[in-house]
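A.B. asks: One structure, as structure tokens, below. Some questions next.
The values are calculated or read from the model by the stated rules, or taken from the named source; none is laboratory data. All of these numbers come straight from a predicted model, not from anything done at the bench. Cβ: placed from backbone, ideal geometry, glycine included. Neighbour counts: every protein chain shown.
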Number of protein chains: 2
Amino acid sequence: MSITDNLYSDYTSQLQKIADIKYSLAVLQWDQETYMPKKSAASRAKQMATLSELAHKESTSEALGNILQQLLEQQTLSTIQRKNVELSWQDFLKQQKYNGVFVRQMSEAVSMAFNAWMDARKQNDFTIFEPALSKLVALKKQEADILGYEEHVYNAHLNEYEKGMTVHLLDEIFKNLQQPLKELLQQALSLPTIDNGFLKLNYSKQSQLEWGMQLLKELGFDFDAGRQDISEHPFTTNFSSNDVRLTTRIDEHDFTNMTWSCIHELGHGLYEQGLLEDQYGLPCGEYTSLGIHESQSRLWENNVGRSKTFWQHYLPKLKNYFPNQLNGVDVDHFYKAINKIEPSFIRTEADELTYHSHVQIRYNIEKEIFSNNCTIKDIPSIWNEQYNQLLGVIVNNDNEGCLQDVHWSHGSFGYFPTYSLGSFYAAQFYATIQKELPNINEEIANGATKNLLNWLRNKVHKHGRMYTSNELCELITGEKLNTNYFIEYISNKIKTLQ
Amino acid sequence: MSITDNLYSDYTSQLQKIADIKYSLAVLQWDQETYMPKKSAASRAKQMATLSELAHKESTSEALGNILQQLLEQQTLSTIQRKNVELSWQDFLKQQKYNGVFVRQMSEAVSMAFNAWMDARKQNDFTIFEPALSKLVALKKQEADILGYEEHVYNAHLNEYEKGMTVHLLDEIFKNLQQPLKELLQQALSLPTIDNGFLKLNYSKQSQLEWGMQLLKELGFDFDAGRQDISEHPFTTNFSSNDVRLTTRIDEHDFTNMTWSCIHELGHGLYEQGLLEDQYGLPCGEYTSLGIHESQSRLWENNVGRSKTFWQHYLPKLKNYFPNQLNGVDVDHFYKAINKIEPSFIRTEADELTYHSHVQIRYNIEKEIFSNNCTIKDIPSIWNEQYNQLLGVIVNNDNEGCLQDVHWSHGSFGYFPTYSLGSFYAAQFYATIQKELPNINEEIANGATKNLLNWLRNKVHKHGRMYTSNELCELITGEKLNTNYFIEYISNKIKTLQ
């Protein structure tokens with residue numbers, strides 16, 4: 001082997017070892033949210049903290065730094081090798097900003113916050129979550145200083161989930177959308193009333209679970225390389241592209257709850273299963289950004305999963321599971337009911353239009369928290385006030401309000417905007433798909449989503465971090481992120497709901 | 001804090017960190033045997049190897065060695081502290097014999113062997129398991145040299161599961177038992193024929209599962225500090241005394257399969273839940289030996305779970321689950337049926353008498369393998385021959401023969417004898433229990449097992465590695481392991497089967 005080959009091989013071994021630790025940590029987290037008994041919380045928190053600390057130690061070792069510096073000087077690296085090394089060097093420099101004690105503290109604070117959130121959910125009481133969340137936010141503020149930022153402290157965290165994203169850019173995006181979204185909501189609210197009561201009948205948990213499993217299977221999720229379990233809040237994690245774990249939750253009295261969150265997580269899962277196996281542990285084997293990740297989940301959930309064509313194929317299948325509940329409901333009725341635009345409380349169940357107000361509220365609150373304009377104690381009142389203001393709904397309790405999402409308990413501040421970005425990317429990608437796969441609607445109407453999945457595999461999944469979100473968007477669609485695609489998509493949908 | 005306190009605190013932190021890694025590894029193993037999708041096998045093997053290597057690295061660090069050496073010289077350690085330090089020093093010296101590369105190799109070989117065993121089970125074909133097992137055995141032979149031994153190479157592995165156990169001692173134990181066991185078998189085979197066909201009717205999986213869960217709950221397993229799942233081969237593992245995982249398997253056409261293996265694992269689980277929480281990661285928070293571990297599982301499975309008093313309480317409850325299958329079966333009939341002594345193929349389902357021939361066969365084969373008197377390829381033929389010779393049964397296929405146990409795929413050579421030792425300890429402990437808790441049979445007949453569990457908690461569980469098996473046995477019963485207790489116990493049982 002040449003010197004370069006040797007160095008690259010050492011680099012790969014070291015990165016894969018770090019990945020082994022991080023994915024082990026992910027197994028512990030997955031178990032924590034699916035199967036772990038409650039008394040295990042304290043020891044599990046320590047176990048995860050130890051693994052976090054070890055991963056950090058390996059990620060910042062002098063040996064790794066030396067290998068990376070030498071590799072940066074090599075002239076014979078392939079394109080993908082060079083990209084891996086450059087990104088690993090950036091990651092290395094970032095990891096070096098942290099120290100082991102802080103990493104351990106953060107890991108323990110996250111575990112405690114997650115357990116507190118679970119307890120708070122059970123009691124439907126934010127005050128139970130508040131002390132642990134306050135502690136976590138204090139560390140996240142410290143982390144912003146460690147990472148560094150320009151202009152706004154919150155930018156440090158936004159940048160973690162979507163490289164280059166700033167308060168400035170997001171303020172502009174949300175501002176520009178405000179008027180069109182408002183007008184579209186007026187339009188939507190003047191649509192003929194649609195009876196969607198059949199969606200709230202009793203749908204047995206077991207049948208819903210089986211139905212969801214069938215959907216996942218038929219839409220291309222590889223159950224030899226993944227599985228689905230139940231958790232308090234649906235999520236997707238992975239331990240390699242050959243082991244992707246989806247979770248879902250089921251509400252017996254609300255059919256919409258499970259189905260679209262199941263398809264949403266499927267989109268995440270297909271992305272993870274589509275990452276290159278031979279890039280395990282290397283940047284090009286990791287997802288581009290959370291915005292792109294959410295583009296995959298939102299594309300399957302909405303552009304596909306809330307289309308009439310999709311249900312032309314699937315409604316008859318669904319009726320096999322729930323013949324009584326769906327008796328007399330035709331595709332047109334079903335389509336209009338599942339797309340009913342109506343301000344509501346729960347983000348994951350919101351329609352495609354008002355969804356972005358849910359995101360904006362979380363974004364506003366996070367911005368205020370990191371600007372020290374509000375304390376954690378204030379969250380419920382600000383939350384409820386903003387839901388009243390932006391969505392015109394009265395939040396009755398914390399579970400349908402500020403306790404609904406798991407994200408803050410994970411320390412994921414700056415994450416929520418990626419849901420909107422993901423929806424916008426999805427609309428833009430889907431417009432391109434319609435051009436490049438002219439028969440796609442007909443195919444979907446026949447239950448054939450293979451070509452769509454292949455397109456996503458080739459255009460998005462396989463690239464990993466080879467491109468940034470912006471580069472990838474331009475490569476695929478010929479232009480940067482353009483929210484007009486979303487406006488056009490949602491306007492067209494509203495027209496079909498007449 | 002004093003110097004001693006400081007040192008002990010550093011020692012505790014370091015040991016707990018090692019425990020965090022080992023228990024994380026156990027989570028990955030548990031997941032591998034319960035929920036992991038099959039394509040994950042290769043990456044999971046690497047992840048586990050990395051954690052093994054890290055645990056080994058931390059277990060052999062110079063820093064730990066220094067702390068231990070200093071602590072050994074301290075005069076003010078409490079009794080439990082001193083015991084912890086002395087045992088940790090022994091562990092440290094043992095771990096130092098290994099190198100990281102070997103630890104990694106062993107971990108990967110075990111993962112490969114486990115996956116090969118799973119495949120072989122599916123195909124009912126030992127040849128699929130054979131190459132991976134050969135590789136693993138080659139490493140286990142190397143390991144014996146690394147660990148060192150006297151007299152017999154197999155002693156190195158026996159000593160791993162039961163300190164001080166040797167081929168010499170086991171040969172003697174099995175030899176002394178041969179005649180009494182043979183005579184008792186003759187007696188048993190001349191008992192009046194009992195119809196146990198009702199045990200092989202159709203027992204639905206779901207009902208069996210629910211029944212097993214009820215048993216676990218009522219017998220004292222804390223489901224806030226553990227759970228039960230399904231696996232190919234039942235096992236118990238733990239990630240702390242607050243997170244103990246049992247697994248079971250269910251055969252719809254054989255009621256005996258699940259119930260007693262469920263009670264067996266319960267015994268293991270209660271032991272782990274009874275270890276001292278404040279000794280997490282320290283020797284006195286770990287089980288004494290595998291022999292003592294099996295004493296707990298076998299005591300619950302047999303001395304309690306196959307007694308007539310136990311079923312006086314539980315048969316009516318069981319009939320709630322299976323009224324048709326158990327229609328007309330009274331306690332006396334049930335008791336005789338579940339204790340029917342009859343040579344058979346499957347160890348985990350064997351009666352209490354012929355069980356030890358199952359163990360002896362595995363012991364004989366392991367001894368031959370490590371003496372290089374037979375190759376892995378020979379296993380099926382030797383197995384089948386010995387089953388014919390010792391038990392008089394004709395093994396028809398590998399799944400009911402040499403593929404039935406998971407242990408070899410884990411590299412657990414020297415483990416099986418602990419099942420017999422455990423049964424013998426159990427009989428001896430149970431004789432003491434009968435004396436110290438004179439009302440225990442009456443209590444069990446009323447479904448009250450709390451006093452029994454408390455006795456085990458105080459006499460066995462809480463001590464961890466404070467005592468060796470022999471010391472513990474003497475402390476509890478006033479004498480060393482004495483197989484006469486078992487012979488007496490089983491003779492008495494046979495009398496009740498008239």
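A.B. asks: Within the set of pairs 6 or more residues apart or between chains, which connect a residue that is touching a residue at least 60 places away in the same chain (Cβ under 8 Å) and closer than 15 Å to B:Ala41 by Cα inside the range A:238-251 to a residue that is of a type in the set (Asp, Glu) and in a strand (DSSP E or B) with Cβ atoms less than 9 Å apart?
C.D. replies: Correct list of pairs: A:Arg245/A:Asp229.
A.B. asks: Which is among the acidic types (Asp, Glu), at the interface with chain A (Cβ under 10 Å from one of its Cβ atoms) and more than 27 Å from the chain's Cα centre (by Cα), of B:Glu62, B:Glu58, B:Glu53? Let's see the steps before the verdict.
C.D. replies: Details: B:Glu62 fails: at the interface with chain A (Cβ under 10 Å from one of its Cβ atoms); B:Glu53 fails: more than 27 Å from the chain's Cα centre (by Cα).
Criteria check complete, one pass: B:Glu58.
A.B. asks: For B:Ser491, state whether it is surrounded by 22 or more Cβ atoms within 10 Å (Cβ to Cβ), of a type in the set (S, T, N, Q), out of contact with any Leu (no Cβ under 6 Å at 6 or more places or on another chain) and in a helix (DSSP H, G or I). Let's see the steps before the verdict.
C.D. replies: On the way: surrounded by 22 or more Cβ atoms within 10 Å (Cβ to Cβ): no; of a type in the set (S, T, N, Q): yes; out of contact with any Leu (no Cβ under 6 Å at 6 or more places or on another chain): yes; in a helix (DSSP H, G or I): yes.
Spelling it out, it is not the case that B:Ser491 is surrounded by 22 or more Cβ atoms within 10 Å (Cβ to Cβ), of a type in the set (S, T, N, Q), out of contact with any Leu (no Cβ under 6 Å at 6 or more places or on another chain) and in a helix (DSSP H, G or I).
A.B. asks: Further question on the same structure: Would you pick out the residues in the range B:375-414 that are crowded, with 16+ Cβ neighbours inside 10 Å and on the phi > 0 side of the Ramachandran plot?
C.D. replies: B:Gly411, B:Gly414
A.B. asks: Could you tell me whether A:Ala42 is outside any loop (DSSP other than H, G, I, E, B) and within 21 Å of B:Tyr35 (Cα to Cα)?
C.D. replies: no
A.B. asks: Still on this structure, please answer the following. Mind listing just one residue for me: the one in the range A:104-125 that is under 30 Å from A:Ile67 (Cα atoms) and within 23 Å of the chain's Cα centre (by Cα) and, of those, surrounded by the fewest Cβ atoms within 10 Å (Cβ to Cβ)?
C.D. replies: By that ranking, first place goes to A:Met106.
A.B. asks: So, one more: Quick one: what pairs do we get from the range B:206-227, first residue touching a residue at least 12 places away in the same chain (Cβ under 8 Å) and in the same structural domain as B:Phe255 (by TED's automatic domain parsing), second in a loop (DSSP other than H, G, I, E, B) and among the hydrophobic types (A, V, I, L, M, F, W, C), C-beta under 6 Å, 6+ apart or different chains?
C.D. replies: B:Gln208/B:Ile250
A.B. asks: What number of residues within the range B:225-251 are of a type in the set (Asp, Glu) and more than 8 Å from chain A (Cβ to nearest Cβ)?
C.D. replies: 2
A.B. asks: Considering only residues that are surrounded by 13 or more Cβ atoms within 10 Å (Cβ to Cβ) and in contact (Cβ under 8 Å) with a residue 60 or more places away in the chain, which ones fall in the range A:72-87?
C.D. replies: A:Gln74, A:Leu77, A:Ile80, A:Gln81, A:Lys83, A:Asn84, A:Val85, A:Leu87
A.B. asks: Can A:Glu53 be described as in a helix (DSSP H, G or I), at pLDDT below 95 and not small (Gly, Ala, Ser)?
C.D. replies: No; evaluated as a whole, the condition is false for this residue.
A.B. asks: Of the conditions (1) assigned to a helix (DSSP H, G or I); (2) closer than 30 Å to A:Thr237 by Cβ; (3) among the aliphatic types (A, V, I, L, M); (4) free of Cβ contacts under 8 Å to residues at least 60 places away in the same chain, A:Val395 satisfies every one except a single condition; which number is it?
C.D. replies: Result: A:Val395 fails condition (1) only.
A.B. asks: Could you identify the single residue in B:Leu421, B:Leu456 that is in a helix (DSSP H, G or I), at pLDDT 95 or above, within 30 Å of B:Pro380 (Cβ to Cβ) and in the same structural domain as B:Asn257 (by TED's automatic domain parsing)?
C.D. replies: One residue alone meets the criteria, B:Leu421.
A.B. asks: Next question. Could you check the range A:86-115 and list, in sequence order, the residues that are of a type in the set (Asp, Glu) and under 18 Å from B:Asp20 (Cβ atoms)?
C.D. replies: A:Glu108
A.B. asks: Is there any pair with a first residue in the range B:304-322 that is outside the structural domain of B:Gln214 (by TED's automatic domain parsing) and charged (D, E, K, R) and a second that is assigned to a loop (DSSP other than H, G, I, E, B) and surrounded by fewer than 18 Cβ atoms within 10 Å (Cβ to Cβ) whose Cβ atoms are under 6 Å apart and which are 6 or more apart or on different chains, and what are they?
C.D. replies: That search, which allows pairs on different chains as well, returns nothing.
A.B. asks: Answer yes or no: is there a residue in the range B:227-237 that is surrounded by 15 or more Cβ atoms within 10 Å (Cβ to Cβ), modelled with pLDDT of 95 or more and more than 22 Å from B:Ser412 (Cβ to Cβ).
C.D. replies: yes
A.B. asks: Could you give every pair whose Cβ atoms fall below 7 Å, whose first residue belongs to the range B:409-424 and is aliphatic (A, V, I, L, M), and whose second residue is assigned to a helix (DSSP H, G or I), counting only separations of at least 6 or pairs across chains?
C.D. replies: Listed pairs, sorted by first residue: B:Leu421/B:Gly291; B:Leu421/B:Glu294.
A.B. asks: For B:Met36, all conditions in the list (1) outside any helix (DSSP H, G or I); (2) away from chain A (no Cβ under 13 Å) hold save one; what is the number of the exception?
C.D. replies: Tallying (1) outside any helix (DSSP H, G or I); (2) away from chain A (no Cβ under 13 Å), B:Met36 fails exactly one: (2).
A.B. asks: Here's something else I'd like to know. Output the residues belonging to the range A:5-27 that are out of contact with any strand residue (DSSP E or B) (no Cβ under 6 Å at 6 or more places or on another chain) and either closer than 13 Å to B:Lys46 by Cα or at pLDDT below 95 (or both).
C.D. replies: Listed by number, the residues that qualify are A:Ser13, A:Gln14, A:Leu15, A:Gln16, A:Lys17, A:Ile18, A:Ala19, A:Asp20, A:Ile21, A:Lys22, A:Ser24.
A.B. asks: Continuing with this model, one more query. Could you say whether any residue in the range A:128-143 is out of contact with any Lys or Arg (no Cβ under 7 Å at 6 or more places or on another chain), free of Cβ contacts under 8 Å to residues at least 12 places away in the same chain and in the same structural domain as A:Asp222 (by TED's automatic domain parsing)?
C.D. replies: Within the range A:128-143, none of the residues are out of contact with any Lys or Arg (no Cβ under 7 Å at 6 or more places or on another chain), free of Cβ contacts under 8 Å to residues at least 12 places away in the same chain and in the same structural domain as A:Asp222 (by TED's automatic domain parsing).
A.B. asks: Filter the range B:135-157 for residues that are polar (S, T, N, Q) and exposed (fewer than 14 other Cβ atoms within 10 Å of the Cβ) and give the result.
C.D. replies: Correct list: B:Gln142 only.
A.B. asks: Another question about this same structure. Go through the range B:1-33 and give me each residue that's farther than 20 Å from A:Val101 by Cα, of a type in the set (Val, Ile, Thr) and at the interface with chain A (Cβ under 7 Å from one of its Cβ atoms).
C.D. replies: B:Val27
A.B. asks: Can I ask one more? Give the number of residues within the range A:329-369 that are at pLDDT 95 or above, assigned to a helix (DSSP H, G or I), acidic (Asp, Glu) and within 21 Å of A:Phe198 (Cα to Cα).
C.D. replies: 1
A.B. asks: Does B:Thr256 satisfy the criteria of being β-branched (Val, Ile, Thr), touching a residue at least 40 places away in the same chain (Cβ under 8 Å) and within 14 Å of another protein chain (Cβ to nearest Cβ)?
C.D. replies: No, not satisfied.
A.B. asks: Looking at A:Lys83, A:Lys94, can you tell me which residue is within 22 Å of A:Tyr280 (Cβ to Cβ), at pLDDT 95 or above and touching a Leu at 6+ places or on another chain (Cβ under 8 Å)? Explain how you work it out, then say what you get.
C.D. replies: Numbers: A:Lys83 fails: touching a Leu at 6+ places or on another chain (Cβ under 8 Å).
Only one candidate qualifies: A:Lys94.
A.B. asks: Another question, then. Report every pair of residues separated by at least 6 positions or lying on different chains whose Cβ atoms are under 6 Å apart, first residue within the range B:88-110 and within 23 Å of B:Lys163 (Cα to Cα), second among the charged types (D, E, K, R).
C.D. replies: B:Val103/B:Glu53
A.B. asks: Then there's this: Can you spot a residue in the range A:262-269 that is surrounded by fewer than 20 Cβ atoms within 10 Å (Cβ to Cβ) and farther than 26 Å from A:Ala116 by Cβ?
C.D. replies: So far as the range A:262-269 goes, no, none of its residues is surrounded by fewer than 20 Cβ atoms within 10 Å (Cβ to Cβ) and farther than 26 Å from A:Ala116 by Cβ.
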